[in-house]
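Here is the structure we will look at, set down as structure tokens.
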Amino acid sequence: MPRFSVIVPAYKVQAYLHECLESVLSQSYADLELIAVDDRSPDACGDIIDEFAARDARVRAVHLPHNVGLGLARNAGLAQARGDYLLFLDSDDTLTPDALRAIADRLKDTGEPDVLVYDYASTYWSGEAVRNKFADQLGEEGPAPFTLADRPGLLRVLMVAWNKAYRREFVESVGLTFPPGYYEDTPWTYPALLAAKTLATLDRVCVHYRQRRRGSILSTTSRGHFDVFEQYDRVFAFVEQRPELAEWRPVLFRRMVDHLSTVFTKRDRLPRGSRAEFLRRARAHYRRYRVPGASVPLRSRLRHTLVHFGVHRTYRVLQVSMTVRRRTQKAASKLTRALRAAVLQAHYRVQLRLPLRADRAVFAAYWGRGHGCNPGALEEAFRTFAPQVRTAWIARPEHQASVPPGPRQVRPGTAAYWTALARSKYLVNNVNFDRRLVKRPGQVFVQTQHGTPLKHMGLDLQERPAAARDMDFGRLLDGVDKWDFVLSANRHTTLTWERVYPGRYETLEYGYPRNDVYQKATAADVARLRETLGIPRDTVAVLYAPTHRDYRRVQGSHLDLERVLRRLGPRFVILARAHYWQDAPLARQLPGVIDVTGHPSVEALCLASDALVTDYSSLMFDYANLDRPIVIHADDWEAYEAARGTYFDLRAFPPGAVARSEDELIDIFGTGHWRGSRSTQLRTAFRERFCAHDDGRAAERVVRRVVLGETDLPAVVPLAERCPAASAAQTAAQAQSGRPPLATVPRPSGSRPVTDSH
């Protein structure tokens, strides 16, 4: 008896069926039977099913003598099922990798519930994947298993059969079967959830739900959509036969009304001339199943009114009036924004005629994100070494919490913003300010940049249209012409910037200010950061920080973090940080994975970690200053290099071990090569090439040169004499050996210790 019976009906899906069946058979959890039902498909579906059955004994082919539709085809598969649990999968959808293992583990952890509800993501022809918008209902916190009364919000999740696992004995005891016709999931799913004595959830995307451009049954214009009435008749009949379920009638009634109004308002579903008939039947169902006194949410009252009274024409009038209202509001809003922009630009022109303030400096980073990167470190250095200069920080409202006490906070696009740009002597950013910025005589623009370039940048992107996209190179050079100083961490960066951003600026090859903290932090700082992040003691914390892929429309992790951790064991913890262009986390609520995508300081994350895993991110150049292990995961180097272009072959000159696949990465950590002698040799050579100036005093040098006008700057501490902040593992090893902790570069007076909100 297999653990799972996966039932896949197939009809006219020959283009997708192979991928669907392969997604089941390639699962890491192999205790399954795959029941593939050929619903007398006129295309090659039957042959494809037979081919899979011939090569894998777990596949059971069922060929129906005539076409019966999705519901009855599923019943044919049910009759053959022998597994402990039943799963349904539509033949154009797929299971995600390791989905069955995750389902099996959750079933075991929750005591074999009657029904397990798991998550899905809608996938589109463009490659985009969008997770179910009610994913919050699938949280695993709290007791499990539970009943529907404990978590009624589960009824908000899409009512389909294929996002759940059903205990076969439960299905047989309740007598669940699929009816014929459209919307066959409705009289299966509601009874299953209502009758289940034990439920559990799995907060993991287990199914990719394909959104086809053409060919979906529900997007087909047909009288088949009238089947929805009989399907709800079946649901209410099920409830009427079980008095203990009577409390659910108001909820089912509201769900039915919402469903009926959705079918009616979708313009492509009902044939011409049938809409009035549909509304009459909807009105009859409303009166038949209405529960007197049941409340109706405010957002649903218009729909309920439509179904209750069958007011087709009145509804259309209301709909048109609401459309007109929305368009009027949109036009008024657009006009208001235009007037506001004109007023602000007039204000800016006035401010440009007023004297510059030599004691003012304005800072920003990453298009209005929070306090950090090179501008953040420089802003602190301004307050330390040039306290006579008052600083201001530009940040969008959602990022203002990360700005420390000291600088005045300014919101982009406000009058204060334009005043700061017009009258501050010093302008500091790691990208460009608003393109309407007028660079005044006497103003000093410090372009800090935000990394050492591995990938092509600036004018080099003219030969890389996939990466350049719609970049305006003329406007780019207009921005370059406003720069007075550009920061660089090493000779490679200096030569690259001066070629791809040609201008009259002066390059300050002093190191990157954001890297100063690596030489100044203490073991106590590292321990405090690890505690704040929730990193367990005596574990190896690996910071995983992949970069953006220009050749991919959908970004995400190139690693199966759950599999990696399972192979490495509980001694490892992964800090997963997505690129700043990607808002979604790399992983969701996986044991051993801490999502740090939203953390305001990548420097704090580097200090808290014991090793870095990245692909082609410039973070590797900064992290090398810590002299901690770095592992490169270069599984798509050829594709990345072809789309973006690189300045050198990272695989030939890496900062540590290089993995060309996920299995190689696991092996590098499993065997200890990640911190072996060869990795140390590679890192030493890498540091000598790229970290020559990052000795902890880069920000001080910049302020002394740019603000104080000094030319006799602090000498660079040689690499061999630097003592960067030790990792938790290094500190523990030193304690065991009895050696004193490593010294660090002394902090200048008045500077703040590193914190996780830097």
Self-check item: The one condition in (1) surrounded by fewer than 22 Cβ atoms within 10 Å (Cβ to Cβ); (2) of a type in the set (D, E, K, R); (3) in contact with a helix residue (DSSP H, G or I) (Cβ under 9 Å, 6 or more places away or on another chain); (4) modelled with pLDDT of 95 or more that ASP43 fails to fulfil
Solution: (4)
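Filter the stretch 491-536 for residues that are more than 25 Å from ARG697 (Cβ to Cβ) and either outside any helix (DSSP H, G or I) or of a type in the set (Gly, Ala, Ser) (or both) and give the result. Give the derivation first.
Taking the stretch 491-536 and keeping what is more than 25 Å from ARG697 (Cβ to Cβ), we get 499-504, 530-536.
If the condition is that a residue be more than 25 Å from ARG697 (Cβ to Cβ) and either outside any helix (DSSP H, G or I) or of a type in the set (Gly, Ala, Ser) (or both), then TYR501, PRO502, GLY503, ARG504, GLY534, ILE535, PRO536 are the ones that fit.
Being part of a loop (DSSP other than H, G, I, E, B) and either under 28 Å from ARG254 (Cα atoms) or at pLDDT 90 or above (or both) is the requirement here; does TYR209 meet it? Lay out the reasoning, then the answer.
Working: part of a loop (DSSP other than H, G, I, E, B): no; either under 28 Å from ARG254 (Cα atoms) or at pLDDT 90 or above (or both): yes.
No, not satisfied.
Checking the conditions here, which among VAL205, VAL257, VAL235 is in contact with a Pro (Cβ under 8 Å, 6 or more places away or on another chain) and either open to solvent by 50 Å² or more (accessible area, probe 1.4 Å) or of a type in the set (Val, Ile, Thr) (or both)?
Working: VAL205 fails: in contact with a Pro (Cβ under 8 Å, 6 or more places away or on another chain); VAL257 fails: in contact with a Pro (Cβ under 8 Å, 6 or more places away or on another chain).
Exactly one of VAL205, VAL257, VAL235 is in contact with a Pro (Cβ under 8 Å, 6 or more places away or on another chain) and either open to solvent by 50 Å² or more (accessible area, probe 1.4 Å) or of a type in the set (Val, Ile, Thr) (or both), namely VAL235.
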Quiz item: So VAL68 fits all but one of (1) of a type outside the set (S, T, N, Q); (2) assigned to a loop (DSSP other than H, G, I, E, B); (3) without any contact (Cβ under 8 Å) to a residue 60 or more places away in the chain; what number is the exception?
Solution: (3)
Quiz item: Considering ALA44, ALA79, ALA102, ALA36, which residue is in contact (Cβ under 8 Å) with a residue 24 or more places away in the chain, out of contact with any His (no Cβ under 9 Å at 6 or more places or on another chain) and either among the aromatic types (Phe, Trp, Tyr) or within 13 Å of VAL6 (Cα to Cα) (or both)?
Solution: ALA36
Self-check item: Unique match (being modelled with pLDDT of 95 or more and either farther than 20 Å from LEU605 by Cα or not acidic (Asp, Glu) (or both)) among GLN400, GLN388
Solution: GLN388
Practice problem: Collect the residues in the stretch 502-525 that are open to solvent by less than 10 Å² (accessible area, probe 1.4 Å) and closer than 23 Å to PHE653 by Cβ, keeping them in residue-number order. | Solution: GLY511, TYR512, ASN515, TYR518
Quiz item: Could you give every pair whose Cβ atoms fall below 9 Å, whose first residue belongs to the stretch 696-715 and is closer than 21 Å to TYR518 by Cα and open to solvent by 60 Å² or more (accessible area, probe 1.4 Å), and whose second residue is at pLDDT 95 or above and assigned to a helix (DSSP H, G or I), counting only separations of at least 6 or pairs across chains?
Solution: ARG697/ASP516; ARG697/GLN519
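Condition first: open to solvent by less than 80 Å² (accessible area, probe 1.4 Å) and either outside any helix (DSSP H, G or I) or among the hydrophobic types (A, V, I, L, M, F, W, C) (or both). Now tell me which residues in the stretch 325-356 satisfy that. Steps first, answer last, please.
Residues of the stretch 325-356 open to solvent by less than 80 Å² (accessible area, probe 1.4 Å): 331-333, 338, 341-342, 344-348, 351-352, 354, 356.
Correct list: ALA331, ALA332, ALA338, ALA341, ALA342, LEU344, ALA346, LEU352, LEU354, LEU356.
Look through ARG499, ARG528 and report the one residue that is within 30 Å of PRO714 (Cα to Cα) and either surrounded by fewer than 16 Cβ atoms within 10 Å (Cβ to Cβ) or within 28 Å of the chain's Cα centre (by Cα) (or both).
Values: ARG528 fails: within 30 Å of PRO714 (Cα to Cα).
Checking each option against the conditions leaves just ARG499.
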Exercise. Looking for whichever is buried (at least 18 other Cβ atoms within 10 Å of the Cβ), within 23 Å of LEU590 (Cβ to Cβ) and at pLDDT 95 or above here; the options are LEU100, LEU72, LEU89, LEU78. Which one fits?
Key: LEU100
Exercise. Answer with yes or no whether LEU487 is touching a Pro at 6+ places or on another chain (Cβ under 8 Å), under 21 Å from ARG722 (Cβ atoms) and modelled with pLDDT of 95 or more.
Key: yes
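Condition test on SER617, is it of a type in the set (S, T, N, Q), out of contact with any helix residue (DSSP H, G or I) (no Cβ under 6 Å at 6 or more places or on another chain), within 22 Å of THR680 (Cα to Cα) and at pLDDT 95 or above? Quick ask: steps written out before the conclusion?
On the way: of a type in the set (S, T, N, Q): yes; out of contact with any helix residue (DSSP H, G or I) (no Cβ under 6 Å at 6 or more places or on another chain): yes; within 22 Å of THR680 (Cα to Cα): yes; at pLDDT 95 or above: no.
Taking the combined requirement at face value, the residue does not satisfy it.
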Practice problem: Within the stretch 613-672, work out how many residues are touching a strand residue (DSSP E or B) at 6+ places or on another chain (Cβ under 7 Å), small (Gly, Ala, Ser), surrounded by 20 or more Cβ atoms within 10 Å (Cβ to Cβ) and not in a helix (DSSP H, G or I). | Solution: 4
Practice problem: Collect the residues in the stretch 436-468 that are assigned to a loop (DSSP other than H, G, I, E, B), open to solvent by 40 Å² or more (accessible area, probe 1.4 Å) and closer than 11 Å to ARG644 by Cα, keeping them in residue-number order. | Solution: ARG464
Self-check item: Test set (1) at pLDDT 95 or above; (2) farther than 23 Å from LEU352 by Cα; (3) touching a strand residue (DSSP E or B) at 6+ places or on another chain (Cβ under 6 Å) - TYR417 fails condition number
Solution: (2)
Exercise. Tell me which of these GLU184 doesn't satisfy, since it passes every other one: (1) more than 16 Å from LEU86 (Cβ to Cβ); (2) in a loop (DSSP other than H, G, I, E, B).
Key: (1)
Self-check item: Tally of residues being outside any loop (DSSP other than H, G, I, E, B), open to solvent by 30 Å² or more (accessible area, probe 1.4 Å) and either closer than 26 Å to PRO2 by Cα or free of Cβ contacts under 8 Å to residues at least 60 places away in the same chain (or both) across the stretch 130-173
Solution: 8
Quiz item: Here are ALA416, ALA392: which of them is open to solvent by less than 10 Å² (accessible area, probe 1.4 Å), outside any loop (DSSP other than H, G, I, E, B) and not β-branched (Val, Ile, Thr)?
Solution: ALA392
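Among the residues that make up the stretch 236-250, is at least one of them under 14 Å from GLY71 (Cβ atoms), of a type in the set (Val, Ile, Thr) and assigned to a helix (DSSP H, G or I)?
no
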Quiz item: Residues of the stretch 377-433 being within 32 Å of the chain's Cα centre (by Cα), of a type in the set (Phe, Trp, Tyr) and under 20 Å from ARG349 (Cα atoms), which ones?
Solution: TYR417, PHE433
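The values are calculated or read from the model by the stated rules, or taken from the named source; none is laboratory data. Remember, it's a predicted structure, so these values are computed and weren't measured experimentally. Backbone-built Cβ (ideal geometry, glycine too); neighbour counts: all protein chains shown. For the accessible areas, the whole protein counts, side chains as well, though only heavy atoms, and no ligand, DNA or RNA atoms are used. Shrake-Rupley method; radii C 1.70, N 1.55, O 1.52, S 1.80 Å.
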